[in-house]
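Input: a single structure, listed below in structure tokens.
The values are calculated or read from the model by the stated rules, or taken from the named source; none is laboratory data. Not measured: the values here are computed from a predicted model. Here the Cβ is made from the backbone with ideal geometry for all residues, glycine too, and neighbour counts use every protein chain on show.
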Amino acid sequence: MDSLLSAGPDQSLSTGADRSLRETTFVVLDLETTGGAPDGGGITEIGAVKVRGGEELGVFATLVNPGRPVPPFITVLTGITEAMLVPAPPIEQVLPSLLEFLGGAVLVAHNAPYDVGFLKAACARHGYSWPAPTVLDTAALARRVLTRDEVPNRKLGTLAGYFRTPRRPTHRALADAQATVDVLHGLIARLGGHQVTSIGDAVEFSRAVSDVQRRKRHLADGLPRSPGVYIFRAADDRPLYVGTSGDVATRVRSYFTAAERRARMSEMLAAAVRVDAVECAHRLEAEVRELRLIAAHAPPYNRRSKFPERMVWLKVTDEVYPRLSTVRAISPADTTVLGPFASRRAAELAAAGIHDALPLRQCTHRLSTRTRTPACALAELGRCPAPCEHQIDPQQYAELAVTPLRTALDTDPQPLIDTLLARIDRLAAGQRFEEAAVVRGRLAAFLRATVRMQRLTALTRIAELVAARRAGHGGWELAIVRHGRLAAAGVSPPRQHPRATIDLLCATAETVPAGHGPVPRASAAESERILSWLEPEQTRLVRVSGDWSSPVRGAGRFHHLLVKAEEAARTTAGVDEADQRLDRSITRK
């Protein structure tokens, strides 16, 4: 191997994001290739220099037999001929030494994606694991540090001339790597004026970070590295955005990096003047507090905000001839309800499914057993038993329509589901596929809401539930849930029995009065978030007042049917969208 391989004592190769640039070990690398796209071959020469704190620690240089002809223009550009490469080792023999030389250092290259792409492809082809080092691109860094007034372009030769480096690029790997070392040192000297002092800051600074992100990055200073909620606030103290994370400091810092590309977030950052943090015992408490803050303040940049006042319910009215009604809230007198729904449209879709299966009247008249009301078209079509004309008495109407609905919502929805499935089959057999898809959507809406309500009902009827989950540090994450609401949260110390912490939490937990029916004493979203934390196997139930149970023949056993219906709906929507694109294309032509 035609190589020069030497290295001084290698100290502290850690590439932690907080390590200062002076203490960071860099391997500055350059490749010469036969051109073309990276495919695992084509490398003709490798040059690399290991440096730290301005001191050169080692050099790696070798020619590489690419196993293919060298184009004449490459020979003219680099001076590397095929005769020079014949005795050189192939890349599979060079990779082990190169990867060992790289070690845990930060990899630096000019136009780094090109060099890294060739090395990754070579590793993949020959069975070596790519170490995925931190990569710093001097070309990208120069674009951020130097203005057009200073340099006309960011070519390596131009930058070497601007910094008056002692070594200049010659289109040979080692010489270009050495010139890149000098350019890197020149760029690092300029980074101090941008308050960039660590390798993590340098990598992020080299990316496409906006001026707003760079100017506001100090907002992430001093935040806790623990689970919690963070709140971006405007100058008038108004919450702009609320989020949650298992590590608040790291998550907030990501808003000021190139990874954050959402236009709404850029607008939000421009308006933000500070970030507040609320530390939480564990992730569940953080998620619950996030939901409560969003509901309380309606931050303008939280797209997924769900406001309790926008939830709607379906209820069976308290009349001689009951019907379905869409309402914003339900009372203790409402004994048969379905919901909550996130929108009126979702409620109407589920109601349509119920009307497809059961002969509930759909008119809004206040009917009386004494006075008749003219029948509507549904009675003439046989889809309503016409209680308005007294063609059925209240008891028969209840047995025919109301009781089956109550049974479906409270215990077993199978008769209603079987009726809808039979109708779908009849429509499909008659090749009325669009109508069958409509009924399928109604079935899915009804089933989804029923599954959700029965899960919520099972939790909200419990006066107090104490649950625990192992914490990463060895203690226990604890949650006190009362009537579907998180009343207290905490973490017990490691190597101590959690009983004392549980007793303290229960004594100081929020008092939550009992609700009625499936209505949780928090938002439905909060109770569902609690359920998703309680249901996994790693969560242990410490104490439950009463029974936590769902109906044996409840809606949950039709989960597979709901999944199939939703998948079919997505497939149909995708086909329809493709057809629309094709129609638009034909129209344009």
When every residue in segment 516-549 that is crowded, with 17+ Cβ neighbours inside 10 Å and assigned to a loop (DSSP other than H, G, I, E, B) is compared, the one modelled with the highest pLDDT is S523
Please specify each residue of segment 342-382 satisfying the condition of being within 44 Å of the chain's Cα centre (by Cα) and among the β-branched types (V, I, T).
I354, T364
If you take the residues of segment 322-347 that are in contact with a helix residue (DSSP H, G or I) (Cβ under 7 Å, 6 or more places away or on another chain) and of a type in the set (G, A, S), which of them is surrounded by the fewest Cβ atoms within 10 Å (Cβ to Cβ)?
A346
Filtering segment 169-200 down to residues that are over 19 Å from V51 (Cβ atoms) and free of Cβ contacts under 8 Å to residues at least 40 places away in the same chain, which residue is nearest to the chain's Cα centre (by Cα)?
Q195
State which residue pairs qualify: first residue hydrophobic (A, V, I, L, M, F, W, C) and inside segment 143-158, second residue in a loop (DSSP other than H, G, I, E, B) and modelled with pLDDT of 90 or more in any location, beta carbons under 6 Å apart, and separation of 6 or more residues or different chains.
L156/H110; L156/P169
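For every residue, the table says whether it meets (1) acidic (D, E); (2) in contact with a helix residue (DSSP H, G or I) (Cβ under 6 Å, 6 or more places away or on another chain); (3) crowded, with 17+ Cβ neighbours inside 10 Å.
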{"position": "R190", "(1), (2), (3)": "no, yes, no"}
{"position": "I199", "(1), (2), (3)": "no, no, yes"}
{"position": "R225", "(1), (2), (3)": "no, yes, no"}
{"position": "V229", "(1), (2), (3)": "no, yes, yes"}
{"position": "R238", "(1), (2), (3)": "no, no, no"}
{"position": "G243", "(1), (2), (3)": "no, no, yes"}
{"position": "V275", "(1), (2), (3)": "no, yes, yes"}
May I ask you to list pairs of residues, at least six apart or on different chains, whose Cβ atoms are under 6 Å apart, with the first in segment 534-555 being within 25 Å of F446 (Cβ to Cβ) and not assigned by TED's automatic domain parsing to the domain that holds R470 and the second being surrounded by fewer than 11 Cβ atoms within 10 Å (Cβ to Cβ) and modelled with pLDDT under 90?
none
Within segment 224-243, does at least one residue satisfy the condition of being of a type outside the set (S, T, Y) and either within 30 Å of A139 (Cα to Cα) or assigned by TED's automatic domain parsing to the domain that holds L136 (or both)?
no
Looking at segment 478-492, is at least one residue modelled with pLDDT of 90 or more and either in a loop (DSSP other than H, G, I, E, B) or in the same structural domain as I330 (by TED's automatic domain parsing) (or both)?
yes
Could you tell me which numbered condition G67 fails, if it satisfies all but one of (1) surrounded by fewer than 21 Cβ atoms within 10 Å (Cβ to Cβ); (2) part of a strand (DSSP E or B)?
(2)
Can you list the helices (runs of 4 or more DSSP H) lying wholly within segment 247-311 that have 1 or more residues being among the hydroxyl-bearing types (S, T, Y)?
248-254, 263-271
Top-ranked residue in segment 115-146 [being buried (at least 16 other Cβ atoms within 10 Å of the Cβ) and among the aromatic types (F, W, Y); ranked as farthest from F163 (Cα to Cα)]
Y128
Return a yes/no flag: does segment 277-287 have any residue that is closer than 30 Å to R214 by Cα, of a type outside the set (D, E), surrounded by fewer than 14 Cβ atoms within 10 Å (Cβ to Cβ) and modelled with pLDDT of 90 or more.
no
Return the residue satisfying two criteria in turn: it lies in segment 369-399 and is within 21 Å of L416 (Cβ to Cβ) and in contact with a Leu (Cβ under 8 Å, 6 or more places away or on another chain), and of such residues it is surrounded by the most Cβ atoms within 10 Å (Cβ to Cβ).
P387
Looking for something acidic (D, E) and within 30 Å of the chain's Cα centre (by Cα) - is there at least one such residue anywhere in segment 314-332?
no
What is the number of the single condition among (1) more than 23 Å from E526 (Cβ to Cβ); (2) in a strand (DSSP E or B) that L240 does not meet?
(1)
Among the helices (runs of 4 or more DSSP H) confined wholly to segment 90-168, which include 3 or more residues that are within 37 Å of the chain's Cα centre (by Cα)?
91-102, 112-126, 138-145
